[in-house]
1. Anything in the stretch 76-95 that is in contact with a helix residue (DSSP H, G or I) (Cβ under 7 Å, 6 or more places away or on another chain), within 24 Å of Thr15 (Cβ to Cβ) and assigned to a strand (DSSP E or B)? List them, or say none.
2. Do the conditions hold for Ile72, that is, is it within 30 Å of Gly33 (Cβ to Cβ), modelled with pLDDT of 85 or more, of a type in the set (Val, Ile, Thr) and part of a helix (DSSP H, G or I)?
3. Please list, ordered by first then second residue, the pairs with beta carbon atoms under 9 Å, 6 or more apart or interchain, first in the stretch 36-58 and at positive phi, second of a type in the set (A, V, I, L, M, F, W, C).
4. Which residue is nearest to the chain's Cα centre (by Cα), if the candidates are limited to the stretch 67-88 and must be among the acidic types (Asp, Glu) and over 14 Å from Val23 (Cα atoms)?
5. Consider only pairs whose beta carbons are under 7 Å apart and that are at least six residues apart or on different chains; among these, list those whose first residue lies in the stretch 9-28 and is farther than 13 Å from Leu62 by Cα and whose second residue is assigned to a loop (DSSP other than H, G, I, E, B).
6. Looking at the stretch 60-95, which of the residues that are surrounded by fewer than 16 Cβ atoms within 10 Å (Cβ to Cβ) and without any contact (Cβ under 8 Å) to a residue 24 or more places away in the chain is farthest from Met1 (Cα to Cα)?
7. Which of the residues spanning the stretch 3-59 are in a loop (DSSP other than H, G, I, E, B) and surrounded by fewer than 16 Cβ atoms within 10 Å (Cβ to Cβ)?
Amino acid sequence: MALYEHVFLARQDLTPQQVEALVEQYKGVIEAGGGSVGRVENWGLKSLTYRIRKNRKAYYTLMDITAPAAAINEMERQQRLSEDVLRFMTIKVEKHEEGPSAMLQKRDRDDRGDRGDRGDRPPRRDRDDRPPRSFDGDRGPRRAREEAEGAAA
């Protein structure tokens with residue numbers, strides 16, 4: 001049997017329990033087709049780059065699947081018919097990744113508040129620390145400098 005990674009986007013107005021019910025429904029389709037579902041990761045509600053069917057956000061879910069192609073085709077057919085699924089993508093892979101996906105690793109990094117190694121940088125000066133700009137009446141500093149250069153020439 002082939003190995004697949006499947007990601008689908010569910011509508012933003014669903015509850016997390018309804019999204020979990022969708023996952024269970026599609027697990028049942030895969031298992032009825034002779035396959036199995038391994039890791040399931042709920043990435044949560046995320047903003048979309050552009051609106052899809054008037055939705056600005058969607059629930060993202062990743063599934064690692066081991067199944068024959070017929071089971072994948074049936075699951076995708078049901079997702080095409082479902083109004084709750086906005087988009088889906090299935091990719092055939094050589095082997096399933098171990099541990100959390102890149103999206104969950106990114107979320108863990110964001111949760112820690114680790115913003116990189118900035119300890120060696122000096123503190124940023126506030127704009128109030130700058131000396132005031134000198135203006136010549138209504139004219140800015142550049143125009144005053146150009147006039148001074150013109151008079152000297």
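The values are calculated or read from the model by the stated rules, or taken from the named source; none is laboratory data. Because the structure is predicted, anything quoted here is derived from the model rather than measured. When we count neighbours, we look across all protein chains shown, and the Cβ atoms used for this are built from the backbone with ideal geometry, even at glycine.
1. Val85, Phe88
2. On the way: within 30 Å of Gly33 (Cβ to Cβ): yes; modelled with pLDDT of 85 or more: yes; of a type in the set (Val, Ile, Thr): yes; part of a helix (DSSP H, G or I): yes.
Here the answer is yes, as Ile72 does meet what is asked.
3. Between residues of the stretch 36-58 that are at positive phi and residues that are of a type in the set (A, V, I, L, M, F, W, C), the close pairs are Arg53/Leu86.
4. Taking the stretch 67-88 first, the residues among the acidic types (Asp, Glu) are 74, 76, 83-84.
After this cut, where a residue has to be over 14 Å from Val23 (Cα atoms) as well, the list is 74, 83.
Details: Glu74: 27, Glu83: 22 Å.
The selected residue is Glu83.
5. Every condition considered, the pairs that remain are Arg11/Asp84; Leu14/Asp84.
6. Only one residue tops the list, namely Leu81.
7. Let us first name the residues in the stretch 3-59 that are in a loop (DSSP other than H, G, I, E, B), namely 12-15, 33-35, 53-54.
Answer for the stretch 3-59, where residues must be in a loop (DSSP other than H, G, I, E, B) and surrounded by fewer than 16 Cβ atoms within 10 Å (Cβ to Cβ): Asp13, Thr15, Gly34, Arg53, Lys54.
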